[in-house]
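Student: Here it is, the structure in full.
Any read-out appearing in this document is the output of simple, stated calculations on the displayed coordinates, not a laboratory observation. Small disclaimer: the values here were computed from a predicted structure and weren't measured. Please note: Cβ atoms are built from the backbone with ideal geometry, for glycine as well, and neighbour counts cover all protein chains shown.
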Amino acid sequence: MPYQDPDEQNENEPEPPANEKTVISYRAAMAAYVVLAVVCLFTLHGDSLYIALLIIGALAIKTWLVEVKKRVE
């Protein structure tokens, strides 16, 4: 297989969309994380609560970083 320059676009691959449309808004995602965290606080105890809150927090931070990146670009 011949070497292909990574900067060249493959003819079979579609170009990435210029304005990527999200499924839900940033505010809706953060509100969903808050609701999920409150449900976890009322239903879980001990290690499972801490693990669930850690995962929700990590997802919220990742969502926030994506939003910051969009605003910078």
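Student: Label-point separation (nm) for Tyr50 and Lys70, each offset 7 Å from Cα along Cα-to-Cβ?
Tutor: 3.4
Student: Then there's this: In whole Hz, what ³J(HN,Hα) sequence does the stretch 40-46 give by Karplus (6.51, -1.76, 1.60; θ = phi - 60°), x for Gly and Pro?
Tutor: Ordered by residue, 3J(HN,Hα) equals 5, 4, 7, 10, 9, 9, x Hz.
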